[in-house]
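Asker: To start, I am sharing the structure in question, which I have written as structure tokens.
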């Protein structure tokens with residue numbers, strides 16, 4: 001009888017796809033989910049749920065006990081928060097407690113692999129060159145959100161070096177695909193296009209991207225073949241904001257936005273958002289920090305993941321089309337519900 005596998009944060013966008021991949025492979029899957037969380041992405045699957053958050057270490061210990069592989073898919077991605085303390089509380093402090101439990105189980109010889117969901121923003125990227133896992137990020141110029149992700153990855157790799165936790169860090173890029181029930185920011189871009197509510201295209205903005213199912217496959221492969229203490233870049237290609245919108249519009253049969261926002265105007269809008277946040281004491285999603293995060297782009301090389309994990313992603317365009325079909329189906333369902341109501 002095979003040991004169960006745990007996905008911590010198994011209801012999120014990437015986490016739910018990791019769960020679906022594991023269930024499809026015939027694994028005995030456990031998940032942890034917060035009370036009241038949206039679990040639409042996994043409600044149709046047979047699995048064992050542990051309800052609670054990562055700060056409930058008794059629950060985490062119970063869920064992890066007996067598992068040989070644990071996938072950690074928890075992240076607070078609200079990069080726009082005016083007060084970034086919740087980012088560090090979840091992304092760093094909450095993770096530290098889970099790693100303590102992992103260290104206990106690794107010492108007991110039961111935990112074989114801890115697959116941590118990191119971000120490609122933890123890798124040093126400079127315009128004009130292609131980054132690899134060996135490139136160190138310049139820590140003097142990080143936004144609060146990226147700083148929390150860097151600190152989290154540092155913590156995981158330190159526990160691997162010093163505490164015997166058999167961990168790997170998966171530096172995942174922007175993910176696209178279906179079943180984005182929580183509507184991630186990239187999902188909102190596709191949904192806004194499909195629903196005809198996207199007012200403009202951000203000019204000259206490009207992000208590294210990967211299909212969410214392909215990212216999930218890389219996570220599962222790391223649980224089987226990852227090298228302890230290593231990090232792996234997970235991306236398929238860099239793609240522009242304009243191209244994502246064009247593909248989504250084409251797939252859903254709608255017209256893309258006609259207007260575009262040039263980079264100088266984008267910075268001006270970000271500055272205005274920053275001022276509004278400071279004056280009103282409210283969180284604004286478009287600020288100078290968020291604009292700088294969007295602009296801090298350079299290509300990455302994922303050869304290491306392809307070679308060591310035997311990972312071959314599909315063109316991300318296929319996943320953008322899948323996302324557009326998902327939101328088109330949601331649009332049709334809402335129209336039907338309104339007509340019947």
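The values are calculated or read from the model by the stated rules, or taken from the named source; none is laboratory data. None of these values were measured; they are calculated from a predicted model. Methodologically, a virtual Cβ is constructed for each residue, glycine included, from the backbone with ideal geometry; neighbour enumeration extends over all protein chains shown.
Asker: Write out, first by first residue and then by second, each pair whose Cβ atoms fall under 6 Å of each other, whose residues are 6+ apart or on separate chains, and whose first residue, in region 224-245, is closer than 30 Å to residue 191 by Cβ while the second is assigned to a loop (DSSP other than H, G, I, E, B) and modelled with pLDDT under 95.
Answerer: 238/299; 241/205; 245/256
Asker: Additional query: Quick check on my filter: what residues within region 5-29 are within 15 Å of residue 44 (Cβ to Cβ), in a helix (DSSP H, G or I) and touching a helix residue (DSSP H, G or I) at 6+ places or on another chain (Cβ under 9 Å)?
Answerer: The first filter runs over region 5-29 and keeps only residues within 15 Å of residue 44 (Cβ to Cβ), leaving 10-11, 16-17, 19-24, 29.
From the residues that got through so far, the ones that are in a helix (DSSP H, G or I) too are 16-17, 19-24.
Once the filter is applied, which keeps residues that are within 15 Å of residue 44 (Cβ to Cβ), in a helix (DSSP H, G or I) and touching a helix residue (DSSP H, G or I) at 6+ places or on another chain (Cβ under 9 Å), region 5-29 yields 16, 17, 19, 20, 21, 22.
Asker: Could you go through region 61-82 and let me know if any residue there is free of Cβ contacts under 8 Å to residues at least 12 places away in the same chain and either surrounded by fewer than 20 Cβ atoms within 10 Å (Cβ to Cβ) or under 22 Å from the mean Cα position of the chain (by Cα) (or both).
Answerer: No: zero hits.
Asker: Would you check if residue 180 is surrounded by fewer than 20 Cβ atoms within 10 Å (Cβ to Cβ) and either assigned to a helix (DSSP H, G or I) or under 13 Å from the mean Cα position of the chain (by Cα) (or both)?
Answerer: Considered against the rule, which asks whether it is surrounded by fewer than 20 Cβ atoms within 10 Å (Cβ to Cβ) and either assigned to a helix (DSSP H, G or I) or under 13 Å from the mean Cα position of the chain (by Cα) (or both), residue 180 comes out as no.
Asker: Could I ask something else about it? Can you tell me which of 210, 168, 146, 156 is assigned to a strand (DSSP E or B), touching a residue at least 60 places away in the same chain (Cβ under 8 Å) and farther than 24 Å from residue 319 by Cα? Even if it seems obvious, please write down each step before you answer.
Answerer: Numbers: 210 fails: farther than 24 Å from residue 319 by Cα; 146 fails: assigned to a strand (DSSP E or B); 156 fails: assigned to a strand (DSSP E or B).
Being assigned to a strand (DSSP E or B), touching a residue at least 60 places away in the same chain (Cβ under 8 Å) and farther than 24 Å from residue 319 by Cα holds for just one of 210, 168, 146, 156, which is 168.
Asker: When you scan region 112-154, how many residues do you find that are surrounded by 18 or more Cβ atoms within 10 Å (Cβ to Cβ) and under 18 Å from the mean Cα position of the chain (by Cα)?
Answerer: 21
Asker: Continuing with this model, one more query. Return the pairs, sorted by first residue and then second, in which the second residue is surrounded by fewer than 16 Cβ atoms within 10 Å (Cβ to Cβ), the first residue lies in region 303-317 and is at positive phi, the beta carbons are less than 8 Å apart, and the residues are 6+ apart or on different chains.
Answerer: Cβ pairs passing all conditions: 310/225.
Asker: Let me ask something else about it. Looking at 59, 47, 87, which is the one that is at pLDDT 95 or above and touching a helix residue (DSSP H, G or I) at 6+ places or on another chain (Cβ under 6 Å)?
Answerer: 87
Asker: Return the only residue of 249, 218, 222, 209 being over 20 Å from residue 118 (Cα atoms) and crowded, with 19+ Cβ neighbours inside 10 Å.
Answerer: The unique qualifying residue is 249.
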